[in-house]
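The values are calculated or read from the model by the stated rules, or taken from the named source; none is laboratory data. It should be emphasised that the depicted structure is a prediction, and the values quoted were computed from it without experimental measurement. All Cβ positions, even for glycine, are placed from backbone atoms using ideal geometry, and neighbour counts span all protein chains on display.
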Amino acid sequence: MANKAAAKPKSPSKSDILNALAERTGKSRKEAGEMLDALEGIISENISGGPGIFTLPGLFKIYVHLKPATKERTGTDPRTGESRVYAAKPASKVVKVRPLKKLKELV
């Protein structure tokens, strides 16, 4: 049985991020929260109403990917081996995040 001390570390919570931002910038925790909210607003403006892309230089690029519609098709069910009809799917928008150079070098 695995040892609990050897468990994977958890990702930081929003509170942890706010505390770290406040400490590193010398601002108050409230000001750090306002900066995070402002960044969220900028991202949502660019993704939903603007060009559909947001880049944080060197770290990542967030963009909207348009998935085309698919037609109804027949295929083989992998579990039973019988033929079945797979339903058509409408076109949709998906948000994707692509890592950039600095982020790739961190790993």
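Quick notes on this one:
- Check on Leu66, closer than 24 Å to Lys102 by Cβ and free of Cβ contacts under 8 Å to residues at least 60 places away in the same chain: no
- A search for C-beta distances below 7 Å between a residue of the range 82-96 that is closer than 14 Å to Lys71 by Cα and any residue that is part of a strand (DSSP E or B) and among the basic types (Lys, Arg), counting only pairs 6+ apart in sequence or on different chains, returns Tyr86/Arg73; Ala91/Lys67; Ser92/Lys67.
- Scanning the range 35-72 for residues that are surrounded by 10 or more Cβ atoms within 10 Å (Cβ to Cβ) and basic (Lys, Arg) gives Lys61, Lys67.
- Selection of the range 1-34 for residues being loosely packed, with under 11 Cβ neighbours inside 10 Å, at pLDDT 90 or above and part of a helix (DSSP H, G or I) yields Lys14, Ser15, Arg24, Lys30.
- Within the range 45-58, not a single residue is among the aliphatic types (A, V, I, L, M) and touching a Pro at 6+ places or on another chain (Cβ under 8 Å).
- Conditions (1) out of contact with any strand residue (DSSP E or B) (no Cβ under 6 Å at 6 or more places or on another chain); (2) assigned to a strand (DSSP E or B); (3) among the aliphatic types (A, V, I, L, M); number of the one not met by Val94: (1)
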